[in-house]
Amino acid sequence: MTAETAAPAAEFGRSRLRKEDARLITGQTNWTDNITLPGLVHMAFVRSPFAHARITSVDVSAARAMPGVIAAFSGVDFPEQGSLPCAWPVTPDIVMPPHPPMATEEVRYVGEAVAVVVARDRYAAADAVEAVQVEYEPLPPVLDMRTALDESSPKVHPQGNKCFEWVFGNGDIDAAFRDAPVVLERNYRQQRLIPSAMEPRAVVAAWVADEVTLWSATQIPHVLRFALAAFFAIPEQNIRVIAPDVGGGFGSKLQVTAEEVLAVLVAKRVGRPVKWTESRSEGNLTVHHGRDQWQRIRVAADHDGRLRGLSVDLLANMGAYLMLVTPGVPLLGAFMFNSIYKMDAYSFRCTGIFTTEVPTDAYRGAGRPEATFGIERTMDELASELGMDPMELRRRNWIKHEEFPFTTIAGLTYDSGNYEAATARAVELFGYHDLRAEQERRRASGDPVQLGIGISTFTEMCGLAPSRVLGSLSYGAGGWESASVRMLPTGKVEVVTGSSAHGQGHETAWSQIVAEKLGVPFEDIRVLHGDTQVSPKGMDTYGSRSLTVGGVALNGACDKVIAKAKVIASGMLEAPPEEIEFAHGVFSARGGSGKTSTIQEIALATFAAHNLPDGVEPSLDSEATYDPDNFSFPHGTHLCATEVDTETGEVSIRSYVAVDDVGRAVNPLIVEGQVHGGLAQGIAQALFEEAVYDDDGNLLTTTLADYLIPSAADLPSYITDRTETPATTNPLGVKGVGEAGTIASTPAVVNAILDAVRHLGVRDIPMPCTPERVWRAVQAARESGGAR
């Protein structure tokens, strides 16, 4: 390369189309349900129709006699089935009941598996399920967290209904509330949600001799492999887990499921590969659910709005059993209720409760949306109590740009942020002051359609690392990630990553990182992931950790490639290694003869190994494992304007502005997509989605006709923008983005709805804010004379 030759265009920050989409949108990929193996048979499950019952007998003989049926088993046929793992025992005295993949003595939620049928096709298996005879002795269900700890309540487990109590705090909370001019208490309900990934869960298991291969639509192939070895006595070296292209997860596939374990056990028992793919209704019944909390929040403040103290008391529904990270999910929120605000004292208490409902676990945001909702709703309520503009209240209490790095009352150190900049941009794009003026006019005129303005200024801790912090919280795994770079002889590159994509665009973003670092064309890079035989090390994908941990690991592997290549280049350029410089894929000697070598030439010379420096091995391949020193802390300001028809309760979102700060963006187009998807899910919680049980513990929302997921027609157009405050705790300056939209949007929408009708005397509307609930709240306020 000569001095006149232009450097290649930067890849970091370039909005490239995703390279993986070519196979995804043309149907050329391989989903788990597409996999067909010689001799493949299908599993179908007999599931409990009771929320709570003793199993008195299971008779599978009639099913075994049906045409096409290979085998049928009950839980007692698998004494080796053990218990599904929970990796997060949050307290020393936590109650962790056994959780067999198939129930043997007692069922504790509708949909729990009690028997399995194996047949030549899925239709024969489904028919044979109807022939299995199960006798039950019904027991009373436990469905309300608020009464589950009463002495008179039925017991979900012999140990009782209390799973744990976890207490955390900092500062003198009693002093903060003592003589405080303003003390406010509010109770909020985080309704139960059902993750609804585009691809249902699916699994295929096949044994060859003493080795098993498990294909699964999972977010966590490496964790799943470890769990099968550690908890089900299969030698780890004999287990291969493959996550093919996976069609979304949102936490629902961050799990070691009963169906995965049973697929492995059944395949071994029948000596043939087995497959199971859930139906949508089966998925709603059995996939772990999300959220489901009661929040009691008290805040103390001065007359000018300065926060003195915050007290949070949670009841968190565990459901019937503890899944992989169930008890830890509400604890992630413990560090986020204080959000971006300064205060003198903070206390947090969470009580985990067992009920006879589907277990809960991580759902997009995992604890942090719940916390953000609680504090952002409370800030609006406090502003109303003080007669203050809610934006001004936030400004008075948030951490100023010049105060970073800042250690919060919850003990986390936020490395960087600029809440002023994100908010100023959002206010500008939103037309905040003009909308406030219009709101006043419509109130004065008595317009039946009232305008509301909702605010959510948020931050989140993401990355689910470092390992030492996770260890201090009793988490059963680390937070590191692994990546390797393989330089092929022709100068092409293979990247192996422990992050396992399920829609995030890893193959594109990882290619951009490598192209930027090594100067190799984007098109010359292939990213390999999701197969524990190809990618043997990894902690997988969840908690917005892929880029901030896995991407930084990849950056480190590239640095090692460059360091190795410099040694080999020094021989070719006849200069000491310390004088070799590298830029845009080209090595040169500082102050040398002008000779250069490209990284492709170095790769070929390494492969040939004809003239390497003494003692240098013929390989540029490099691996790096990265364990962060801190979480990453993206933030943003979301503003929502709703129009609420006070005569019908109908809510329409008139405008929505989201300004997020995710540090440096590798691919702004992917960032935009993540924000849009997150907004859809957060708005869905505010307006549409809720898992509903009847008084007997039957789930009433088992189909998409009953469980309302919004389509594009139900959602507004968004105005999105970004500010950029690079992270200072990693060399790429990146922060997470996968959950930001979900975390911020729910309180923005609900605050907007309440803001539209607060002057009528409405104080709260439980989510989802359906037209009926909004109308009833308005009617109740009018009847009580609450308008002001």
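The values are calculated or read from the model by the stated rules, or taken from the named source; none is laboratory data. Worth saying up front: this structure is predicted, and the values here are computed from it rather than measured. A quick note on method: Cβ atoms are made from the backbone with ideal geometry, for glycine too, and the neighbour counts reach across all protein chains shown. SASA here: full protein model, heavy atoms, side chains in, ligands and nucleic acids out. Shrake-Rupley method; radii C 1.70, N 1.55, O 1.52, S 1.80 Å.
Kindly evaluate residue 653 against the criterion of being in the same structural domain as residue 489 (by TED's automatic domain parsing), crowded, with 16+ Cβ neighbours inside 10 Å and either touching an Asp or Glu at 6+ places or on another chain (Cβ under 6 Å) or not polar (S, T, N, Q) (or both). First the steps, then the outcome.
Numbers: in the same structural domain as residue 489 (by TED's automatic domain parsing): no; crowded, with 16+ Cβ neighbours inside 10 Å: yes; either touching an Asp or Glu at 6+ places or on another chain (Cβ under 6 Å) or not polar (S, T, N, Q) (or both): yes.
No: the conditions fail for residue 653.
Does the range 114-135 hold any residues that are open to solvent by 10 Å² or more (accessible area, probe 1.4 Å) and either acidic (Asp, Glu) or under 30 Å from residue 191 (Cα atoms) (or both), and which are they? Don't jump to the end; show me each part of the working.
Filtering the range 114-135 for residues open to solvent by 10 Å² or more (accessible area, probe 1.4 Å) gives 120-124, 126-127, 129-135.
Selection gives 121, 127, 130, 135.
What residue, among those in the range 443-475 that are buried (at least 17 other Cβ atoms within 10 Å of the Cβ) and among the small types (Gly, Ala, Ser), is farthest from residue 600 (Cα to Cα)? Give the derivation first.
At the first step, the residues of the range 443-475 found to be buried (at least 17 other Cβ atoms within 10 Å of the Cβ) are 450-466, 469-470, 474-475.
Those left that are additionally among the small types (Gly, Ala, Ser): 452, 454, 456, 463, 465, 474.
Values: 452: 59, 454: 54, 456: 49, 463: 34, 465: 35, 474: 46 Å.
Top of the filtered list is 452.
Would you tally the residues in the range 485-508 being open to solvent by 10 Å² or more (accessible area, probe 1.4 Å), touching a Lys or Arg at 6+ places or on another chain (Cβ under 9 Å) and closer than 13 Å to residue 547 by Cα?
Number of matching residues: 1.
Restricting attention to the range 299-316, and to residues there that are out of contact with any Gly (no Cβ under 8 Å at 6 or more places or on another chain) and not hydrophobic (A, V, I, L, M, F, W, C), which single residue is nearest to residue 338 (Cα to Cα)?
In this case the residue turns out to be 311.
Determine whether residue 297 is part of a loop (DSSP other than H, G, I, E, B), hydrophobic (A, V, I, L, M, F, W, C) and either open to solvent by 20 Å² or more (accessible area, probe 1.4 Å) or not assigned by TED's automatic domain parsing to the domain that holds residue 698 (or both). Lay out the reasoning, then the answer.
Details: part of a loop (DSSP other than H, G, I, E, B): no; hydrophobic (A, V, I, L, M, F, W, C): yes; either open to solvent by 20 Å² or more (accessible area, probe 1.4 Å) or not assigned by TED's automatic domain parsing to the domain that holds residue 698 (or both): yes.
Spelling it out, it is not the case that residue 297 is part of a loop (DSSP other than H, G, I, E, B), hydrophobic (A, V, I, L, M, F, W, C) and either open to solvent by 20 Å² or more (accessible area, probe 1.4 Å) or not assigned by TED's automatic domain parsing to the domain that holds residue 698 (or both).
Starting from the range 6-32, keep only residues that are touching a residue at least 60 places away in the same chain (Cβ under 8 Å) and among the hydrophobic types (A, V, I, L, M, F, W, C), then list their pairs with residues that are part of a helix (DSSP H, G or I) and surrounded by 11 or more Cβ atoms within 10 Å (Cβ to Cβ) whose Cβ atoms are within a distance under 7 Å, requiring at least 6 positions of separation or different chains.
Cβ pairs passing all conditions: 10/516; 12/512; 12/516.
Go through 540, 559 for me and flag whichever is surrounded by fewer than 24 Cβ atoms within 10 Å (Cβ to Cβ) and either touching a residue at least 40 places away in the same chain (Cβ under 8 Å) or aliphatic (A, V, I, L, M) (or both). Can you show your working first?
Numbers: 540 fails: surrounded by fewer than 24 Cβ atoms within 10 Å (Cβ to Cβ).
It is 559.
Residues of the range 714-771 being closer than 30 Å to residue 784 by Cβ, under 21 Å from the mean Cα position of the chain (by Cα) and in a loop (DSSP other than H, G, I, E, B), which ones? Can you show your working first?
Going residue by residue through the range 714-771, those that are closer than 30 Å to residue 784 by Cβ are 746-771.
With the extra rule that they be under 21 Å from the mean Cα position of the chain (by Cα), the set shrinks to 746-749, 767-768.
767, 768 - these are the residues of the range 714-771 that are closer than 30 Å to residue 784 by Cβ, under 21 Å from the mean Cα position of the chain (by Cα) and in a loop (DSSP other than H, G, I, E, B).
Assess whether residue 761 counts as being free of Cβ contacts under 8 Å to residues at least 40 places away in the same chain and either within 27 Å of residue 448 (Cβ to Cβ) or of a type outside the set (D, E, K, R) (or both).
Yes.
Restricting to the range 217-263, give me the number of residues that are open to solvent by less than 20 Å² (accessible area, probe 1.4 Å), out of contact with any helix residue (DSSP H, G or I) (no Cβ under 9 Å at 6 or more places or on another chain) and hydrophobic (A, V, I, L, M, F, W, C).
1
Quick check on my filter: what residues within the range 658-682 are touching a Phe, Trp or Tyr at 6+ places or on another chain (Cβ under 8 Å) and under 21 Å from residue 370 (Cα atoms)? Can you show your working first?
Residues of the range 658-682 touching a Phe, Trp or Tyr at 6+ places or on another chain (Cβ under 8 Å): 658, 664, 666, 675-676, 679, 681.
Correct list: 658, 675, 676, 679, 681.
Restricting to the range 375-411, count the residues that are open to solvent by 10 Å² or more (accessible area, probe 1.4 Å) and in a helix (DSSP H, G or I). Please lay out each step first, then the result.
Narrowing the range 375-411 to residues open to solvent by 10 Å² or more (accessible area, probe 1.4 Å): 384-390, 392, 395-396, 400-407, 409, 411.
Still in the list and also in a helix (DSSP H, G or I): 384-386, 390, 392, 395-396, 401-403.
So the answer is 10.
Within the range 360-374, take every residue that is in a helix (DSSP H, G or I) and touching a helix residue (DSSP H, G or I) at 6+ places or on another chain (Cβ under 7 Å) and give me the one that is nearest to residue 293 (Cα to Cα). Outline the logic, then answer.
Filtering the range 360-374 down to residues in a helix (DSSP H, G or I) leaves 368-374.
Of the ones still in play, those that are also touching a helix residue (DSSP H, G or I) at 6+ places or on another chain (Cβ under 7 Å) are 368-373.
Details: 368: 12, 369: 11, 370: 8, 371: 10, 372: 13, 373: 11 Å.
Per the stated criteria, the residue is 370.
Here are some conditions: (1) open to solvent by less than 70 Å² (accessible area, probe 1.4 Å); (2) within 22 Å of residue 232 (Cβ to Cβ); (3) at pLDDT 95 or above. Residue 82 meets all but one. Which one does it not meet?
(3)
Of the residues that sit in the range 601-650 and are open to solvent by 50 Å² or more (accessible area, probe 1.4 Å) and not in a loop (DSSP other than H, G, I, E, B), which one is nearest to residue 673 (Cα to Cα)? Spell out how you get there, then give the answer.
Going through the range 601-650, the residues open to solvent by 50 Å² or more (accessible area, probe 1.4 Å) turn out to be 601, 604, 607, 610-611, 614-615, 617-618, 621, 623, 625, 627, 629, 647-648, 650.
If we keep only those that are not in a loop (DSSP other than H, G, I, E, B) as well, we get 601, 604, 607, 623, 625.
Details: 601: 38, 604: 39, 607: 40, 623: 30, 625: 28 Å.
This residue is 625.
Give me the residue from the range 264-294 that is assigned to a strand (DSSP E or B) and farther than 19 Å from residue 192 by Cα and, out of that set, most open to solvent (accessible area, probe 1.4 Å).
This residue is 277.
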